[in-house]
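All remarks here apply to the structure that follows.
All of the numbers you see were taken from the coordinates with simple rules; none came from a lab. Please read all numbers here as calculations on a predicted model, not as lab measurements. Counting neighbours? That spans all protein chains shown, and the Cβs are built from the backbone with ideal geometry, glycine included.
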Amino acid sequence: MLVVAFALWEWFRPSLAEAESLRLGWILEIWIRNVVLVTVVAGGLHLFLQRHRVQGDGLRYDSRPLTKNKNLFLFNDQVKDNMFLTLLPAMAAATVWESLGWWAYANGILRHWSFSDNPVWFVVLLGLVPIWSVLYFGAGHWLLHRRLMYKHVHSWHHRNMNIGPWSGLSMHPLEQVILYSDLVLLLILPSSGVHMLFALMHHTMGAPMSHTGYDAVQLPVRQRFELGDFHHQLHHRFIECNYGGIESPLDEMIGAFHDGTAEGDQMVAERLSRLSASRQAKP
């Protein structure tokens, strides 16, 4: 994701002079680039793992096929539903946030520091972006599981009990806006376009890669390309656990950490019972 962020900075972004005004031309270019990028990442993984099944069920979490002929999904098809929500509203949200970021840099609303301005801070912030992404996602995700937000917004994402690469960004448009809004970090800290792009790639690339449904992509000579996320797979299976990433302390703090063991299953069952009792007690 970091390499892609540097590549986009070098070749596929507006100049700050262009970005001084919010014009359709350069904004449309960003949207096209985003659509192409997510299609390559999510579409490529889908073709490799789900459509052509190059590694079969090897390292797969759930061997059931993705859902078809079910009116729970748009077009009665999980993959088509996921593609629609990813390519249209998700990439629109990503483009809007990024475009506002370039405009804010160009107009001095965000403090823009290049590597030459402060090399140490430039590198330190590259290390902080993934940490912030994990912490922001966990807190926001937990809030999305509160009663009304889950019912009207987050439940869209949980239609995907068995997940594939296109499922990562398949969610209610409001949730897509919230997901990409972790760029608020850049309102506080001086940064560069590379940092903004790196933060955005945690969603545009990171969400499809963490929702492959596989623990890894098998490579020659017994090598593995680590992509899937067992921690988050358990969240899709049991729903009320593992709200944050595996790196986040959130789940252990609130007693919602499922490690995939029988004890974890028992913890979730008890947690669901408590949540159900709490909801029934409320008027």
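Roughly how many whole Å is it from the C-alpha centroid of segment 187-236 to that of segment 47-125? Comparing the Cα centres of segment 187-236 and segment 47-125, I get a distance of 9 Å. Spread over its residues, the convex hull of the C-alpha atoms of segment 153-203 is 77 Å³ per residue.
Computed over the Cα atoms of segment 1-125, pair by distinct pair, the Kirkwood hydrodynamic radius stands at 17.5 angstrom. The Cβ shell under 15 Å around S167 holds other residues with a net charge of +3, Lys and Arg each +1, Asp and Glu each -1. Treating each Cα of the chain as one equal point scatterer and applying the Debye formula with no solvent, the log10 of I(q)/I(0) at q = 0.07, 0.08, 0.10, 0.16 Å⁻¹ comes out as -0.28, -0.36, -0.57, -1.33. In the elastic network of the chain, a GNM with C-alpha springs shorter than 10 Å, the most mobile of L128, L74, L219 is L219.
Across L143, L179, L85, mean-square fluctuation computed from a Gaussian network of the chain (C-alpha pairs under 10 Å connected) peaks at L143.
Quotient of the Cα radius of gyration of segment 136-255 and 2.2 N^0.38 Å, N being its number of residues: 1.12.
The distance between label points at D62 and S116 comes to 5.2 nm (points 7 Å beyond Cα on the Cα→Cβ vector).
A crude spin-label estimate for the pair E270 and A216, with each label 7 Å from Cα along the Cβ direction, gives 3.3 nm.
Expressed in Å, the radius of gyration and Dmax of the Cα atoms of segment 52-123 are 21.0, 56.
For segment 172-243, the alpha carbon convex hull comes to 132 Å³ per residue, rounded to a whole number.
Using the alpha-carbon positions of segment 107-188, Rg (one decimal) and Dmax (whole number) come out as 16.4, 48 Å.
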